[in-house]
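Enquirer: Here it is, the structure in full.
Bear in mind these aren't lab numbers, they're just calculated from the coordinates by the rules spelled out. Bear in mind the structure is a predicted one, so any value in this text is a computation, not a measurement. FYI the Cβ positions are ideal-geometry reconstructions off the backbone, even for glycines, and counts take in every protein chain you see.
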Amino acid sequence: MNLQAMTHGILITSMFSFGNLRELYRGMSGRETPDADDDLQPATEIQIKLGSQITALELLACYTIRNFALAQWRRVLLDDVDVVLTPTTPMTALQRHSGSDENGFTATGLFIQMMRFIWPGNLLGLPGLAVPVGADSDGLPISMQVICAHWHEADCLSVGNTIADLRRDARPAPPSELFVDLLR
């Protein structure tokens, strides 16, 4: 599993550096036109540079590992279980660091830890969803991830809905200073 998680990190880093990333990033962030003075944050610049150093042979090795992982997960999800349940992340939300708005925030080890349970869906394209199940002692949300086989999204939704119904009373609203409900 660690090798598969590392493969996920390498592939994401390499994809992040491909093409016209600055224009893609600006387009995805909802900006109509690029601002000539708008540089990427230093952490993003580092990620791009790291990704550009990955060789074709390393990418080929990663895709070989990805294909092996996909075969393993398919076998488990089609032969052994209907869904896999994990925490969505191994921790609750982090406090924002001073200066992170201007300079970004980079903590590679922390980011790898945060991706501990998310990479199978991301690397392999497996359907999944996060279901709120409670809150930590600071009132920050905790969620459970439901992962299923390709083309079995109905299983994910059914299990997720059942979990949400069972845990509805255990999910207090997060503190208003930490959360804005955009649907109200």
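Enquirer: Treat each spin label as a single point 7 Å out from the Cα along the C-beta direction, and report the L78 to L166 distance in nm.
Expert: Roughly 2.8 nm, to one decimal.
Enquirer: Under a crude label model (7 Å from the Cα following the beta-carbon direction), how far is M114 from T64 in nanometres?
Expert: Computed distance between label sites M114 and T64 equals 3.2 nm.
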